[in-house]
Every structure is written in C-alpha cells, then in structure tokens.
Amino acid sequence: MGVDLEELEVPLHILLVTFQAMKRSGHVWPIVSEDVQDRCMQRLTARARFNEGLPGDLAKQMVQQFCDEHPERYLLAFVYGYLGKHDLLRARTDPEKYLLMAALNLAECIADVGAKTSA
C-alpha cells in the first residue's frame with residue numbers, strides 16, 4: 001500500500017476506539033456488510049467530488065451542514081480531529097488518500113447501521 005507503520009496506526013487507532021465505544025454503548029449493532037461499506041464509500045466519494053467543484057465559501061457551508069446533520073457527529077468529529085492531528089487530512093499521496101477514505105468510511109458505516117438500529 002505504500003504507507004509506513006506510523007501512518008497505518010492512525011486508522012487502526014480510530015477503528016479500535018470506535019469498537020470500544022460501540023461495545024460500551026450497550027446497543028446491539030448489526031454487522032457492517034461489504035454492501036454497506038460499498039454504499040457508504042460511494043456516498044463519501046460522490047460528496048467529495050461534488051464539493052471539489054464548489055466555490056470556497058459554499059464548500060465550507062456544505063461541509064458544515066454535513067457535519068451538523070451527521071447521525072454520528074461525535075464520531076465524525078473524533079475521526080476528523082485524529083486525522084488532522086496526524087496531518088492526514090490533506091492526502092498528499094495516494095496511500096494517504098486511501099487511509100483518509102478508509103477512516104471516513106468507517107464513520108459513515110457506523111452511522112449507516114446505527115441509524116437502522118435506532119429506527
């Protein structure tokens with residue numbers, strides 16, 4: 001994949017923290033299938049492509065609206081914060097882009113199955 005161990009630890013840490021939070025929540029969580037992962041990744045990449053073509057102010061407004069309306073706002077904030085702390089939000093290389101997308105897709109998948117759990 002072309003990433004060093006230090007970079008790989010970032011999404012692994014996010015995964016482990018998310019797993020512990022899910023365990024402690026007391027909810028019964030459904031399995032995140034490959035179909036769920038694919039669907040969430042498609043939504044995530046479509047949103048990123050859409051935002052790329054927007055003027056700066058409108059893009060910021062769309063990102064803010066997305067965060068405000070996200071079903072797992074605290075998880076999303078943790079993921080973005082941890083990625084930012086480790087300088088992976090800029091995704092300068094393809095391997096960094098894959099790590100970024102994997103971590104963000106984790107939050108999307110949890111939000112997707114969590115919404116079905118609470119419905």
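Counting only residues that are assigned to a helix (DSSP H, G or I), touching a residue at least 60 places away in the same chain (Cβ under 8 Å) and in contact with a helix residue (DSSP H, G or I) (Cβ under 8 Å, 6 or more places away or on another chain), region 67-106 holds 13 of them. Of all the residues in region 31-58, those that are part of a helix (DSSP H, G or I) and small (Gly, Ala, Ser) number 3. So Gly114 ticks every box in (1) touching a residue at least 40 places away in the same chain (Cβ under 8 Å); (2) within 23 Å of Glu52 (Cβ to Cβ) but one. Which box is left unticked? Tallying (1) touching a residue at least 40 places away in the same chain (Cβ under 8 Å); (2) within 23 Å of Glu52 (Cβ to Cβ), Gly114 fails exactly one: (2). Scanning region 5-30 for residues that are part of a helix (DSSP H, G or I) and open to solvent by 80 Å² or more (accessible area, probe 1.4 Å) turns up Leu5, Glu6, Glu9, Leu12, Leu15, Leu16, Phe19, Lys23, Arg24. The set of residues from region 92-104 being open to solvent by less than 20 Å² (accessible area, probe 1.4 Å) and farther than 16 Å from Ala77 by Cβ comprises Glu96, Leu99.
Among the criteria (1) without any contact (Cβ under 8 Å) to a residue 60 or more places away in the chain; (2) surrounded by fewer than 13 Cβ atoms within 10 Å (Cβ to Cβ); (3) more than 16 Å from Ala111 (Cβ to Cβ), the one Gly2 does not fulfil is (1). The set of residues in region 80-91 that are buried (at least 19 other Cβ atoms within 10 Å of the Cβ) and modelled with pLDDT under 90 contains only Leu88. Picking from residues in region 58-74 that are farther than 20 Å from Thr18 by Cα and open to solvent by 90 Å² or more (accessible area, probe 1.4 Å), the one that is nearest to the chain's Cα centre (by Cα) is Gln64. Here the condition is being out of contact with any Asp or Glu (no Cβ under 6 Å at 6 or more places or on another chain), more than 21 Å from Val63 (Cα to Cα) and modelled with pLDDT of 90 or more; of Leu12, Leu5, it holds for Leu12 alone.
Determine, yes or no, whether Ala77 is open to solvent by less than 70 Å² (accessible area, probe 1.4 Å) and touching a Lys or Arg at 6+ places or on another chain (Cβ under 8 Å).
Values: open to solvent by less than 70 Å² (accessible area, probe 1.4 Å): yes; touching a Lys or Arg at 6+ places or on another chain (Cβ under 8 Å): no.
No.
The values are calculated or read from the model by the stated rules, or taken from the named source; none is laboratory data. Predicted model only: the values in this text are computed from it and were never measured. As a convention, Cβ positions derive from the backbone with ideal geometry for all residues, glycine included, and neighbour counts pool all protein chains shown. When the accessible area is computed, the model is the full protein with side chains, heavy atoms only, and any ligands, DNA or RNA have been set aside. Shrake-Rupley method; radii C 1.70, N 1.55, O 1.52, S 1.80 Å.
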